[in-house]
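Report on the structure given below.
The values are calculated or read from the model by the stated rules, or taken from the named source; none is laboratory data. Quantities reported herein were computed from a predicted structural model and do not represent experimental measurements. Cβ atoms come from the backbone with ideal geometry, glycine included; neighbour counts cover every protein chain shown.
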Amino acid sequence: MAAEGQQHPLRIYWIMWGALFVLSAFSYATDFMDDGIVRTSLILTFMMLKAGGIVWIFMHMGWERLALKLAILGPPVAILVLIWLMALEGDYVENNRIENYGESTMQVETPGHH
């Protein structure tokens, strides 16, 4: 007797494929926008939505147990939090240095010009 595996309906994959197509079209449409925070935010949002959809449906994460989801998704989330904290600290140190010591007066020398 052969072991039976779980079968997912093909309709889910077709819907995800269509959603990825639409998200990619929106992502490419941002090329026509002016550079700025809105464009960058949209690009990153579409990127995260597409990556999440691929992991959720095509990599079958949506059907896994919570423990496995947390084991796989927890470390990247922790790394992102630590990167965010480092960025906050870096900004604090930069602002504190400028406040206490003023702007940098170091002149950059170009080679050959003394």
Would you mention how many residues in region 23-48 are of a type outside the set (Ser, Thr, Tyr) and surrounded by 12 or more Cβ atoms within 10 Å (Cβ to Cβ)?
-> 8
Among what's in region 7-65 and is in a helix (DSSP H, G or I) and among the basic types (Lys, Arg), pick the residue that is nearest to VAL77 (Cα to Cα).
-> LYS50
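Please verify whether region 88-103 includes one or more residues that are outside any helix (DSSP H, G or I), modelled with pLDDT under 85 and farther than 30 Å from MET16 by Cβ.
Within region 88-103 (the criterion being outside any helix (DSSP H, G or I), modelled with pLDDT under 85 and farther than 30 Å from MET16 by Cβ), the answer is yes, since at least one residue qualifies.
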Looking at (1) basic (Lys, Arg); (2) touching a helix residue (DSSP H, G or I) at 6+ places or on another chain (Cβ under 8 Å); (3) over 30 Å from GLN7 (Cα atoms), which is the one condition that is false for LYS50?
-> (3)
Given (1) modelled with pLDDT of 85 or more; (2) over 30 Å from ILE15 (Cβ atoms), where does GLY74 come up short, assuming only one miss?
-> (2)
Checking LEU10 against (1) within 21 Å of the chain's Cα centre (by Cα); (2) among the hydrophobic types (A, V, I, L, M, F, W, C); (3) surrounded by fewer than 10 Cβ atoms within 10 Å (Cβ to Cβ), which single condition isn't satisfied?
-> (1)
Considering (1) farther than 22 Å from ILE12 by Cα; (2) in contact (Cβ under 8 Å) with a residue 24 or more places away in the chain, say which one ILE54 fails and leave the rest.
-> (1)
